[in-house]
Structure formats: structure tokens, C-alpha cells
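The values are calculated or read from the model by the stated rules, or taken from the named source; none is laboratory data. Values in this document were obtained by computation on a predicted structure and should not be read as measured data. Positions of Cβ are backbone-derived with ideal geometry, glycine not excepted, and every protein chain shown enters the neighbour counts.
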Amino acid sequence: MNIKSGEDVGQKQLLWKHSFNKREKAVKNSSGWYRKAVTGLALMAGLVFVSTPVLAQFLAGGTVTTGGISANTDITNSATLNYSISGTAQPLITSPSTTFKVDNLVRVTVAEVGGSFTAVAPNATAQVTTFTVTNTGNTPMDYALTPNGAIASGQSVTLGVLLTDSNITAGFDATACVARVENGVTPGSYQSGQDTAAAILQLSPIAGSNTVTVYVVCNIPSAVTATNGNNALVSLTATTSNNGTCAANGTGCVTTTLPTSAGLNVVFADAAGSDDAARDGAHSARDAYQVAAAVISVSKTVTVICDPFNGATSPRNIPGAFVRYEITISNAAGAASATLTDISDALNANTSFDPDQRLGTGGTVGANLCTTSTVASAVGSGFRLSCTSGAVTPRACVATPVFYTSANDGDAMFFNAGTVTARFGAGGGSVTGVQALPAEAVGLGYAAGELKGGESVTIRFNAIIN
């Protein structure tokens, strides 16, 4: 029974005294040794009862928990003697009953959820790793939560594969890490407006209700230290605290300790975690952030394809010649996807735009063999988009190049006021909605403007030397 106040103690002592007097009357005609034994046992029981420390709010006696029978349960029994004298059975003799209380078994387990790293980009904020905290003891407890994003360089964790902290750039650590407890309103993912508690309160040890999800939320540094493919390890430690001492904001937690006084004792039974020792009343586990940044490069080439006199045969860069520009945007293999928005290219004042994208071949005899040459697609289609892909299922522009009209008519590529513009994921021209890299059907897995690792897009158009 839990002692809650001095008044309760006094009442229980009076009850004990009344019970003790009744036992004295019952045995006053017995032998002296029996009276002394009963008196001594009763006195010891009273002393133990009064000295039981208030360590937690206990479950009802006999409750089955993941750690066994609940703490503070009374275990009482007595012995009964059968005997006879000269073959005649005598009345049973029952020994005084003995009672002890089940002690508090403290055991907590922290586990990483998902079995893989969290992919992040440089400068990303509020990036989430997920853990569970489980009470496998026999008493409800509070838990103080300590996240750590500054795991030492060279430390590791195995999440499918071995991940080593700062494996590329020394000094890469997650920053501003906080722990947040899932509140159950929208389970399954971190909700910043809902999952606000920074400590676990009164976690039950009963199977089915003894586990909570905890999110460790951190910021990622800039690309100066957060290099593509780099790892930043993070840990979560849950420290057992006396039930009812933690506030939701994580303050006030009274760490559970091992009492040395007689009465209800505490036994630590936790295993060693990733960042704590065995039987210390705490447990920890690690997760990892891995930088999956896009690695974008842009190249531009120019090739003379036709001059007015030689046509496509050994053309030269002379006035009236047509030159082909190709702008290629690439994302390195293994890099994270990038979302392309737009690209622009202001033509040199000594050139003019070719609205028809002539090929330079098939020109007829005339003042300029280039201006009468074959068009790439159709008159007025001055832009050509082609793609390469590293994906298993590539997007449509890989198989067939796409042509766009030259005018500023609302499509994804156009020439206006001396500048070539290509809109990849935000619409183009004077209207929105048309995109050079639109979202593609379910199963292809492309968002609008997305360029996955190992992929590239190339824009082709012509200019004429004035």
C-alpha cells in the first residue's frame, strides 16, 4: 500500500496497533517463545511498512506487466503443521504469516525505427529521425529525453549498412536537435503543431500500452560541411524518472535512483545502449542523417552547322552562318533529385535567333544556303528538348525529343526580347501550366521539374551570325 501523507501513516499505524493487540490476546495463553515470535514478526512488518519509500504511483497489486508482477504487490503466506500424539491427530498449528512487497524493476528500451538513414539536403530544417521508447519494467515511470546530434566523428551505426559519422567532411553534425513525443492525434509522422511534449509522462509497463514514438528533430548545416553522401549520426537517450515528476516540456524530471534504505527497492535491469552503460536506469539508440544533395552542372556548346556559301560542308563562322547552341543540365549519378525551375540565355547582340531551327542541310542554291535548309521539326519550332535517364523507367523525353515553338505563346520554351527562356516546372510564356519537364504518370515517379540523379536534359536552338 502506498503511503501518501502523514495522516495516512498515522491511520495505518493505529490499524496495525489494533491488529497487534488482537494477536497478543490470541496468544497470551501460549508459550512464551510463541508470543515473542509473533510480537517480533509483527513489529518488523510494521517497521518495514512505515519505511517503504514513495518511488512511484504503483499499479494495483497483482497487475501483470512486461516486467512481471507489478511493484508494491504484497506477497503473503504462512506454513501449516500437521502432527499427532500417540497416533491421535492434533489441531493444526499455523505459523505467523510473512509478507513482503515486490520491488520496482526499472527497465527501458530505446529503438530506432525504419532501419535506414534519413536523406537530407544541405540547409534543410526540422529533419526527423524516429525512435520508440518502451517501458519493460513493472511500474509506470516518467522518462527524460536527451537527443544528441554531435556524435563524435568516426562513431558508427548499422542501419542495413554500416554508417560512419562524418565519413567525408569532418565537423558535419546535425544541429539544434530536440526530442518530441508522438501525441497520438495524427500518428505515423511528426506533426510540429501536435507532437510538442519533450518528456514521456507516466508510461505504463503493461504490454500493448508501454511503447511511445519519439521524434528527434534536427537542422542540417550548409553545403560547406554537409557534403553529398556524408553522414551525421544522432542518438536518443531515455532516462528513467520518478513517476509524476516530469513536466511535458521536459523540466522537473527527478532521475530514479537506487535507494539504500529498507523497504521497496529499485533494481536497474536495462541493457547497455548505443551511448549508455548497462543497468544505469537509461537506454539509448542511434539513427543517422545522410546528405543526399543534388549535384547539378550546366554546360553549353556551340557548333557552326552551316554558312551561306559552303552550306553544311566544312562551314565557317562568317556572317550569315548558322550556329547550334546546346545547353545541358546534368545531375550526378547517385545524387538526390533536383527540381529545375527555369533557365535563360541572352543572345549576343551580334547574333539573331533562328525561329525555325534549320539543320543546315538540304539548302537550295540562293543567297544563303542556310536559310533554305531543312527545319528540324516544323517552321516556327525553334527549340528541341532531349533527355537522358538513369531511372529504371525514364520519362517520355528520353525516347523522343520534344519541340517547342519559338514565340512567346505560353509553351515551355520561347524567345522574347533577345533572350531564350526554358521553363521546366513552373509553366512558361505568358500563361502557366505548360512545362518542359511535367509531372508524369504514377509509376514513372517524376514530379514537375524533377531531374533525378544520373539524368540530364539538353536544350537545342540556333543563332545566326549577323
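Residue 274 fulfils the conditions (1) touching a residue at least 40 places away in the same chain (Cβ under 8 Å); (2) part of a loop (DSSP other than H, G, I, E, B); (3) among the hydroxyl-bearing types (Ser, Thr, Tyr); (4) under 18 Å from residue 58 (Cα atoms) except for a single criterion, (4).
Number of residues in the stretch 117-132 that are surrounded by fewer than 19 Cβ atoms within 10 Å (Cβ to Cβ) and within 19 Å of residue 275 (Cα to Cα) equals 1.
Here is a yes/no grid of residues against (1) closer than 30 Å to residue 228 by Cα; (2) over 35 Å from the mean Cα position of the chain (by Cα); (3) of a type outside the set (Lys, Arg); (4) at pLDDT below 90:
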position	(1), (2), (3), (4)
421	yes, yes, yes, no
425	yes, no, yes, yes
433	no, no, yes, yes
445	yes, no, yes, yes
448	yes, no, yes, yes
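Comparison of 144, 126, 174 shows that the only residue that is under 30 Å from residue 267 (Cα atoms) and either touching a helix residue (DSSP H, G or I) at 6+ places or on another chain (Cβ under 9 Å) or in contact (Cβ under 8 Å) with a residue 60 or more places away in the chain (or both) is 144.
Restricting attention to the stretch 322-367, the residues being in contact (Cβ under 8 Å) with a residue 40 or more places away in the chain and either closer than 13 Å to residue 307 by Cα or in a strand (DSSP E or B) (or both) number 27.
Residue-by-condition table, conditions (1) surrounded by 22 or more Cβ atoms within 10 Å (Cβ to Cβ); (2) in contact with a Leu (Cβ under 6 Å, 6 or more places away or on another chain); (3) touching a residue at least 24 places away in the same chain (Cβ under 8 Å):
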| site | (1), (2), (3) |
| --- | --- |
| 101 | no, yes, yes |
| 104 | yes, yes, yes |
| 111 | no, no, yes |
| 115 | no, yes, yes |
| 138 | yes, yes, yes |
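Would you mention how many residues in the stretch 185-208 are exposed (fewer than 15 other Cβ atoms within 10 Å of the Cβ) and closer than 13 Å to residue 138 by Cα? Going through the stretch 185-208 one residue at a time, the tally reaches 2. Of 67, 46, 61, all but one fail to be modelled with pLDDT of 95 or more, surrounded by 13 or more Cβ atoms within 10 Å (Cβ to Cβ) and not assigned by TED's automatic domain parsing to the domain that holds residue 138; the exception is 67. Look at (1) in contact with a strand residue (DSSP E or B) (Cβ under 8 Å, 6 or more places away or on another chain); (2) free of Cβ contacts under 8 Å to residues at least 24 places away in the same chain and you find that residue 235 fails only one, number (2). Exactly one residue among 371, 361, 388 is surrounded by fewer than 20 Cβ atoms within 10 Å (Cβ to Cβ), under 22 Å from residue 337 (Cα atoms) and at pLDDT 90 or above, and that residue is 388. Within the stretch 144-157, can one find any residue that is under 25 Å from residue 209 (Cβ atoms), assigned to a strand (DSSP E or B), outside the structural domain of residue 63 (by TED's automatic domain parsing) and touching a Cys at 6+ places or on another chain (Cβ under 7 Å)? Yes, because at least one residue in the stretch 144-157 is under 25 Å from residue 209 (Cβ atoms), assigned to a strand (DSSP E or B), outside the structural domain of residue 63 (by TED's automatic domain parsing) and touching a Cys at 6+ places or on another chain (Cβ under 7 Å). In the stretch 140-147 there is no residue matching the filter, namely being within 16 Å of the chain's Cα centre (by Cα) and farther than 15 Å from residue 285 by Cα. Considering each residue of the stretch 162-172 in turn, none proves to be among the polar types (S, T, N, Q) and within 17 Å of the chain's Cα centre (by Cα). If you check 279, 286, 316 for being surrounded by fewer than 18 Cβ atoms within 10 Å (Cβ to Cβ), farther than 28 Å from residue 425 by Cα and outside the structural domain of residue 454 (by TED's automatic domain parsing), only one passes: 279. Annotation note: Cβ proximity below 8 Å between a residue of the stretch 453-464 that is modelled with pLDDT under 95 and a residue that is surrounded by 20 or more Cβ atoms within 10 Å (Cβ to Cβ) and of a type in the set (D, E, K, R) (sequence gap 6+ or interchain) occurs for no pair.
Just one of the numbered conditions (1) part of a loop (DSSP other than H, G, I, E, B); (2) among the β-branched types (Val, Ile, Thr); (3) at pLDDT 95 or above is not true of residue 257: (3).
Results for (1) within 27 Å of residue 253 (Cβ to Cβ); (2) surrounded by fewer than 20 Cβ atoms within 10 Å (Cβ to Cβ), shown as yes or no for each residue.
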{"residue": "83", "(1), (2)": "no, yes"}
{"residue": "134", "(1), (2)": "yes, yes"}
{"residue": "158", "(1), (2)": "no, yes"}
{"residue": "163", "(1), (2)": "no, no"}
